[in-house]
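*Asks:* Pasting a structure here, questions to come.
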Amino acid sequence: ISSILVATWVTYHFNGSPQTGVDDANIFFSYAENLAAGHGLVYGHNPEHVEGFTSMLWALICAMVFKAGFGETGVLVASILLLCVVQIIFLQIIRGEATARRQKAWPYECAYLLLVFSSPAYIAWMTITLMDTCLWGFLLAGLTFYTVYPPLTVRNRCLAMLLFLLAPLARPEAMLVVPAIAGLIWIRAQSTVHPHARELFFTMIAIFAVSVIALTTFRLFYFGFPFPNTFYAKVSASLAYNLKEGGAYLYDFMTSGPIVGICAVSAIFVAALSLGGVFRLIPIRQQGAVVQAKPVEAQSVVALVAVLLLLVPVLNGGDHFLMFRFFQPAFPLLCLLAVLLSIKAGLFSEGIFTTAVMDRHRMFRMLRVTAPVVAAGILLVYEYDTAWSRMQRRSPRDTIAHEFRIASDGLAQGQKLKNLFSGLPRLPAIGVITAGSIARTYPGPIVDLMGLNNTVIAH
């Protein structure tokens, strides 16, 4: 927790000490303030019910925080807490896998934390932007945990079902990601002879379906449309265009640093190897008896989840924000996979470096272990030096400081327009492109020219 707080403070300082998050976060805050004040889910001071945000659950959480009077500070605290829980979940997976292989867990836990904190982009998007990225990352971490360890106890099954209930409310891509993860949980449960594998799968799908149906029904009655307004404003009609832009987005992410690139390539490689054999590993019944097959390993399901999260932004056509917002929830899974592969290889297993007889086989094994450790150490030093120093210099390509400036400028501009038109009997409507923060300070009608918060333009 202390390392997370330090990393957050450094990221906050290097990005100019922002006070209100990025401009898109202020779209959430505009709806949250109106909901907390009893005006419903409306944008700015417009009367129209419109879903101009991408996470219903995050909007509700922000509304509760604003209703309690904590404002943006409360949202930041919630983001940091979610980030802490994510790391605890992944460290628990590492501890469990290391213990199962009779290895000490702490070297692998330290390696994971070093990998995660090598990325200032991950820390920034999970905390100081005040966006829903942290919420989606938290739900994905919980779902990944139950993919590795299918729930056996009633308590864990209830927690897993809660995640399946909340995920469709958190992000639109949950409609694709969550059923796929449910399938992986079923495969992993079957391969480990889970006593209630089939029942678990159908319950997860049923809970997910209930959540989707309830959300869609609410949208139809409250907003008048089955999909959020952002769908009509942003989704391209051309799959080829999306794949082209999304492919470039993925390529840029994979070449943004050596650690990201190596971990992403490893995930794709492991997922490709696992996909072909994963269904062959499911136990089958012969003459009423279960024939036990080799269980699907933890690194296989983690790799499949990670690659799934890499592919979804490609289908969506990428993102306009710098520092790869859509890939950040997948980044700790890439780090987790690298550590799980290290556990399988026994990099820090006891007895490798100490032996009474140093035979040729032992020496070869020592070299095989020390070489990747030294190489990984060099990469970590290089990544820390380049990524964090670039952010310290506030290079436009390597920070999102300008996104925070857009938000603060919008707040100031809205206040100036309010003062300018204060003598008029009725405030005029203004047209805007960056529509987040200005809606919080200008009390008149606002036309979002991008259509995110305006159904006429969106449709």
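*Asks:* Going through Phe28, Phe66 one at a time, which residue ends up being open to solvent by 10 Å² or more (accessible area, probe 1.4 Å) and either over 21 Å from the mean Cα position of the chain (by Cα) or at negative phi (or both)?
*Replies:* Selected residue: Phe66, the only one of Phe28, Phe66 that is open to solvent by 10 Å² or more (accessible area, probe 1.4 Å) and either over 21 Å from the mean Cα position of the chain (by Cα) or at negative phi (or both).
*Asks:* Looking at (1) under 35 Å from the mean Cα position of the chain (by Cα); (2) open to solvent by less than 90 Å² (accessible area, probe 1.4 Å), which is the one condition that is false for Phe421?
*Replies:* Tallying (1) under 35 Å from the mean Cα position of the chain (by Cα); (2) open to solvent by less than 90 Å² (accessible area, probe 1.4 Å), Phe421 fails exactly one: (1).
*Asks:* Can you pull out the helices (runs of 4 or more DSSP H) entirely within the stretch 159-278 that have at least 2 residues that are within 16 Å of Ser55 (Cα to Cα)?
*Replies:* It comes to 174-191, 197-222, 229-234.
*Asks:* Anything in the stretch 67-95 that is modelled with pLDDT under 95 and of a type in the set (Phe, Trp, Tyr)? List them, or say none.
*Replies:* Phe70
*Asks:* Which residues, counting only those in the stretch 103-114, are out of contact with any Asp or Glu (no Cβ under 8 Å at 6 or more places or on another chain) and either among the polar types (S, T, N, Q) or open to solvent by 10 Å² or more (accessible area, probe 1.4 Å) (or both)?
*Replies:* Ala105, Trp106, Pro107, Glu109, Cys110, Ala111, Leu113, Leu114
*Asks:* Test Gly38 against the criterion of being touching a helix residue (DSSP H, G or I) at 6+ places or on another chain (Cβ under 9 Å) and either open to solvent by less than 40 Å² (accessible area, probe 1.4 Å) or free of Cβ contacts under 8 Å to residues at least 40 places away in the same chain (or both), and give yes or no.
*Replies:* no
*Asks:* Continuing with the same structure: Within the stretch 265-281, is there a residue that is β-branched (Val, Ile, Thr), surrounded by fewer than 20 Cβ atoms within 10 Å (Cβ to Cβ) and either within 21 Å of Phe117 (Cβ to Cβ) or modelled with pLDDT of 90 or more (or both)?
*Replies:* yes
*Asks:* Quick one: is Pro47 open to solvent by 10 Å² or more (accessible area, probe 1.4 Å) and closer than 16 Å to Asn229 by Cα?
*Replies:* Spelling it out, Pro47 is indeed open to solvent by 10 Å² or more (accessible area, probe 1.4 Å) and closer than 16 Å to Asn229 by Cα.
*Asks:* Follow-up. Residues that are over 19 Å from Leu347 (Cα atoms) and aliphatic (A, V, I, L, M): find the helices (runs of 4 or more DSSP H) completely inside the stretch 68-131 holding 3 or more of those.
*Replies:* So the answer is 71-100, 120-126.
*Asks:* Same structure again: Going by the structure shown, is Thr144 buried (at least 18 other Cβ atoms within 10 Å of the Cβ), part of a loop (DSSP other than H, G, I, E, B) and on the phi < 0 side of the Ramachandran plot?
*Replies:* The answer is no for Thr144.
*Asks:* Going through the stretch 439-453 one residue at a time, which ones are within 28 Å of the chain's Cα centre (by Cα), on the phi < 0 side of the Ramachandran plot and surrounded by fewer than 23 Cβ atoms within 10 Å (Cβ to Cβ)?
*Replies:* Selection gives Arg440, Met450.
*Asks:* Let me ask something else about it. Residue under question is Phe324, and the condition is that it be aromatic (Phe, Trp, Tyr), surrounded by fewer than 24 Cβ atoms within 10 Å (Cβ to Cβ) and either farther than 22 Å from Leu243 by Cβ or in contact (Cβ under 8 Å) with a residue 24 or more places away in the chain (or both); does it hold?
*Replies:* So Phe324 passes the test.
*Asks:* Based on what the data block shows, is Thr203 surrounded by fewer than 14 Cβ atoms within 10 Å (Cβ to Cβ) and at pLDDT 90 or above?
*Replies:* No; evaluated as a whole, the condition is false for this residue.
Residue by residue, here is whether (1) open to solvent by less than 20 Å² (accessible area, probe 1.4 Å); (2) more than 30 Å from Ala439 (Cβ to Cβ); (3) in contact with a strand residue (DSSP E or B) (Cβ under 6 Å, 6 or more places away or on another chain) holds:
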position	(1), (2), (3)
Cys62	yes, no, no
Glu72	no, no, no
Leu82	no, no, no
Arg101	no, yes, no
Val116	yes, yes, no
Thr127	yes, no, no
Asp132	yes, no, no
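The values are calculated or read from the model by the stated rules, or taken from the named source; none is laboratory data. The model shown is predicted, which means the values in this text are computed figures rather than measured ones. Quick reminder, even Gly has a Cβ in these numbers, built from the backbone with ideal geometry, and neighbours come from all protein chains shown. The protein model used for the area step is the full one, side chains on, heavy atoms only, and it has no ligands, DNA or RNA in it. Shrake-Rupley method; radii C 1.70, N 1.55, O 1.52, S 1.80 Å.
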